[in-house]
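The values are calculated or read from the model by the stated rules, or taken from the named source; none is laboratory data. This one's a predicted model, so the numbers in the text were calculated from it and none came from an experiment. Here the Cβ is made from the backbone with ideal geometry for all residues, glycine too, and neighbour counts use every protein chain on show.
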Amino acid sequence: MPFFTQLTDCQAKMPQLLARYLPLPGHNELAKAMHYACLNGGKRLRPLLALMTAELFETDVAVLEPVIVAIEFIHCYSLLHDDLPAMDNDDMRRGKPTCHKVFGEATAILAGDALLTLAFEILSHPEHFPTLDKSTILKIIQVIAYAAGCQGMVKGQSIDLSAEGKTLSLENLIEMHRAKTGALIAASVQCGALAGQKATQDDLYELHNFAEALGLCFQIQDDILDAEGNKEILGKQTGQDVKNQKCTFVTLLGNLEAKKHAKTWHDKAQTCLDRFGDKAASLRALTTYIFERAT
């Protein structure tokens, strides 16, 4: 299947899939906020990464349904909390008012909490994984929990907040984004591989290196778009990094050098896929898409 067909197909199917696992909104403000946070568009790159990685091992992608739902819920929770005034203080997300602007800060915080815990409730049901052995299910839960927690995404956000108004070294900036952005991307790839129960340790090692490089390429491009992107195309305010005194690849290196670094990480990600030959064509196309994206 051509890459852009895979991309648009995933983007079209994910809202309905996510809605199946969300509580019915009714008159419940919490449930409405959860729906709002998850069903208002999005690139859906993390579910797509998991599905494309599973293809490397000829895995039935149906087994990944609860995994990609859980990963996307965690991603949406992280965006919901990132947008709060105490964090990045953003008013727009995906071309619409952020969740706390619509439902208030308290409900937005609770909606994020609910999405995070719902993700692990979904993952903890063995009946959701009839073809996987229990050790594989536990490994998937462990991988996602590590990526989302104090050694991954939350750690990265904490470093980001404490670094406001400061200049980080390039090494520390990379470390921050390996955690904040890269950890959940790496977990998506790793879970896609684990679900097939065929990946070797060497396969997992190369896929981890691929995902780490891809995550950094994604983040550098994100920094570039914040500096010079079109807010109408992006669906969110630009210039927020400078406004919030964030240390980014652009503020540290300048636009031109940041673009060179993005290309370096793109190329490294592509090289890591050499092991998988033609089976990695979709992942290669996704890597190039992330490098060249305008949103």
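Scanning the range 157-182 for residues that are more than 23 Å from Tyr77 (Cα to Cα) and hydroxyl-bearing (Ser, Thr, Tyr) yields Thr167, Ser169.
Among the conditions (1) of a type in the set (A, V, I, L, M, F, W, C); (2) touching a helix residue (DSSP H, G or I) at 6+ places or on another chain (Cβ under 6 Å); (3) without any contact (Cβ under 8 Å) to a residue 60 or more places away in the chain; (4) closer than 14 Å to Trp265 by Cα, the only one that Ile174 does not satisfy is (2). Restricting to the range 246-283, and then to whatever is within 16 Å of His177 (Cβ to Cβ) and outside any helix (DSSP H, G or I), can you tell me which residue is modelled with the lowest pLDDT? Only one residue tops the list, namely Lys246. Scan the range 155-164 and give yes if some residue there is assigned to a loop (DSSP other than H, G, I, E, B), among the hydrophobic types (A, V, I, L, M, F, W, C), under 20 Å from Cys247 (Cβ atoms) and in contact (Cβ under 8 Å) with a residue 12 or more places away in the chain, otherwise no. There is at least one residue in the range 155-164 that is assigned to a loop (DSSP other than H, G, I, E, B), among the hydrophobic types (A, V, I, L, M, F, W, C), under 20 Å from Cys247 (Cβ atoms) and in contact (Cβ under 8 Å) with a residue 12 or more places away in the chain. Residue count for the range 235-251 under the criterion of being surrounded by 18 or more Cβ atoms within 10 Å (Cβ to Cβ) and of a type in the set (A, V, I, L, M): the result is 1. Is it the case that Ala62 is closer than 22 Å to Gly192 by Cα, surrounded by 14 or more Cβ atoms within 10 Å (Cβ to Cβ) and small (Gly, Ala, Ser)? No. Scanning the range 77-120 for residues being in a loop (DSSP other than H, G, I, E, B) and not β-branched (Val, Ile, Thr) gives a total of 12.
None of Ala111, Ala183 is among the small types (Gly, Ala, Ser), at pLDDT 95 or above, buried (at least 23 other Cβ atoms within 10 Å of the Cβ) and farther than 26 Å from Glu206 by Cβ except Ala111. Lys155 meets each of the listed conditions (1) at pLDDT 95 or above; (2) basic (Lys, Arg); (3) in contact with a Phe, Trp or Tyr (Cβ under 9 Å, 6 or more places away or on another chain) apart from (3). I'd like the residue in the range 186-212 that is free of Cβ contacts under 8 Å to residues at least 40 places away in the same chain and over 16 Å from the mean Cα position of the chain (by Cα) and, out of all such residues, is surrounded by the fewest Cβ atoms within 10 Å (Cβ to Cβ). This residue is Gln201. Against the list (1) assigned to a helix (DSSP H, G or I); (2) under 25 Å from Ala163 (Cβ atoms), the condition Leu286 fails is (2). Take the range 245-294 and flag every residue that is closer than 16 Å to Asp203 by Cα and out of contact with any helix residue (DSSP H, G or I) (no Cβ under 9 Å at 6 or more places or on another chain). Listed by number, the residues that qualify are Gly277, Asp278. In this structure, does Lys243 turn out to be within 20 Å of the chain's Cα centre (by Cα), at pLDDT below 95 and of a type in the set (Lys, Arg)? So Lys243 does not fit the description; no.
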